[in-house]
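The values are calculated or read from the model by the stated rules, or taken from the named source; none is laboratory data. Note that the structure is a prediction, hence the values are computed from the model and not measured. Heads up, the Cβs are rebuilt from the backbone with ideal geometry, glycines too, and the neighbour counts pull from every protein chain shown.
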Amino acid sequence: MTPGAGSSRVVFTLGPTGAAAIRFGASASFELLRAVRVLQQPARFPLQGGWLRQVRSAIPTEPLGVIGTLVQPGHYAPDFLTPLPDGPPGADEIRAVSHADLEEMQRDLLKCHSRATGARRTALAVWLGDLHEARQVIARAWAELWTAILAPHWPAVERALLADITARAEQLARVGVAATVESLHERVTWSDDAIVVAHDTWDEAVDCSTTGLLLVPSVFSWPGCSVITEQPRLPTLYYPARGVAHAWPTAFEAQSDALKRLLGTGRAAVLLALDRPLSTREVAASCALADGTASHHTRLLREAGLIWSDRVGKTVRHRRTALGDAVVAGSIGD
């Protein structure tokens with residue numbers, strides 16, 4: 001699994017079936033993995049600040065250290081930590097790590113080991129020497145982290161994920177695969193019946209015409225995206241869900257109130273909505289505004305440098321700039 005960034009490309013070729021090759025899913029295990037990254041680098045994830053303030057006192061140090069051996073900022077994260085759920089995402093999916101395939105686990109640990117140094121490399125070597133024991137240690141730490149930092153918040157997170165999936169499925173039916181794909185993330189584009197994901201690590205072409213492609217929204221992955229390309233896993237693209245701040249109601253209320261005082265009610269609502277690229281019409285629908293009013297607010301926010309706008313065909317899409325993100329993050333406070 002790789003974080004999105006940079007100039008290399010992963011190309012998921014869907015073929016002439018297009019939208020028929022795409023399906024959506026939600027993953028509790030991926031959310032937990034990304035939550036660990038938030039704990040490791042909280043300054044990089046301002047929109048998850050509301051969650052972080054709520055869990056900071058409950059973080060179990062030893063389990064976080066175990067998983068931190070596997071999950072390092074900016075590096076490959078083992079695929080066996082994010083099994084596809086057989087049923088609805090949740091605790092059963094987290095427990096699936098205790099039954100991870102040992103061959104897959106060995107392969108993933110070897111990848112981590114090849115990139116590791118010092119004490120981390122030594123710890124990974126010990127695990128590679130006893131995969132059964134390693135699986136028990138990792139699964140126990142994984143489950144403890146889930147219970148402490150994510151399970152209490154899972155209903156809100158799951159609602160955000162399912163709301164995004166519903167909206168994307170409706171968008172796919174309404175405007176087609178190209179426009180839907182282009183709205184997932186700034187590093188995701190549509191070209192010649194393929195989804196192209198820019199990142200830093202390598203170039204790869206993945207034929208999804210027979211396997212299909214799984215699109216998985218994530219509350220914790222903002223502002224990045226990541227992919228899984230290796231068999232036997234289903235080709236997967238993880239992208240940031242819309243409305244991340246709404247997953248933490250207490251923080252969102254404080255955030256919204258502060259921005260309303262700063263910008264006014266309408267422009268505050270628009271700025272909060274634009275954690276994902278949205279067209280003017282989508283902004284209007286999301287914020288319960290008339291199209292003309294949404295256009296007026298986006299123009300003023302763009303002139304202030306808080307959002308950028310880009311034309312895709314006949315549609316103008318808007319999203320927050322780094323300055324806009326900073327304003328949103330700063331409005332929550334400590």
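Got at least one residue in the range 136-157 being within 20 Å of residue 52 (Cβ to Cβ), over 21 Å from the mean Cα position of the chain (by Cα) and in contact (Cβ under 8 Å) with a residue 12 or more places away in the chain? Yes, the range 136-157 contains a residue that is within 20 Å of residue 52 (Cβ to Cβ), over 21 Å from the mean Cα position of the chain (by Cα) and in contact (Cβ under 8 Å) with a residue 12 or more places away in the chain. Does any residue of the range 69-79 turn out to be without any contact (Cβ under 8 Å) to a residue 12 or more places away in the chain and out of contact with any strand residue (DSSP E or B) (no Cβ under 7 Å at 6 or more places or on another chain)? The answer is no, given that none of the residues of the range 69-79 is without any contact (Cβ under 8 Å) to a residue 12 or more places away in the chain and out of contact with any strand residue (DSSP E or B) (no Cβ under 7 Å at 6 or more places or on another chain). When residue 98 is tested against (1) part of a helix (DSSP H, G or I); (2) modelled with pLDDT under 95; (3) among the polar types (S, T, N, Q); (4) under 20 Å from residue 229 (Cβ atoms), only condition (4) is not met.
Looking across the range 193-207, the residues that are charged (D, E, K, R) and either at pLDDT 90 or above or surrounded by 24 or more Cβ atoms within 10 Å (Cβ to Cβ) (or both) come down to 204, 207.
Scanning the range 289-334 for residues that are in a helix (DSSP H, G or I), modelled with pLDDT under 90 and in contact with a Gly (Cβ under 6 Å, 6 or more places away or on another chain) yields a total of 1. Looking at the range 108-116, can you tell me whether even one residue there is surrounded by fewer than 15 Cβ atoms within 10 Å (Cβ to Cβ), in the same structural domain as residue 144 (by TED's automatic domain parsing), modelled with pLDDT of 95 or more and assigned to a helix (DSSP H, G or I)? Yes, the conditions are met somewhere in the range 108-116.
Residues in the range 159-185 that are closer than 19 Å to residue 236 by Cβ, surrounded by fewer than 20 Cβ atoms within 10 Å (Cβ to Cβ) and not β-branched (Val, Ile, Thr): 162, 169, 172. Within the range 174-185, if we keep just the residues that are modelled with pLDDT of 85 or more and farther than 21 Å from residue 27 by Cα, the residue that is nearest to the chain's Cα centre (by Cα) turns out to be 182.
The residue that is nearest to residue 119 (Cα to Cα), among those in the range 63-78 that are touching a Pro at 6+ places or on another chain (Cβ under 9 Å) and aliphatic (A, V, I, L, M), is 70. Of all the residues that make up the range 235-269, how many are modelled with pLDDT under 85, over 15 Å from residue 320 (Cα atoms) and part of a helix (DSSP H, G or I)? So the count comes out to 15.
Residues considered: 39, 32. Of these, the only one that is under 16 Å from residue 72 (Cβ atoms) and at pLDDT 95 or above is 32. Among the residues of the range 24-64, those identified as aromatic (Phe, Trp, Tyr) and outside any helix (DSSP H, G or I) are 24, 45.
Checked against (1) more than 19 Å from the chain's Cα centre (by Cα); (2) crowded, with 21+ Cβ neighbours inside 10 Å; (3) part of a loop (DSSP other than H, G, I, E, B), residue 210 passes all but condition (2). Whenever a residue of the range 36-57 is on the phi < 0 side of the Ramachandran plot, its partners that are of a type in the set (Asp, Glu) and in a helix (DSSP H, G or I), lying with C-beta atoms within less than 7 angstrom and at least six residues away or across chains, give the pairs 46/325. Taken as a whole, the condition of being surrounded by 14 or more Cβ atoms within 10 Å (Cβ to Cβ) and outside the structural domain of residue 218 (by TED's automatic domain parsing) does not apply to residue 125.
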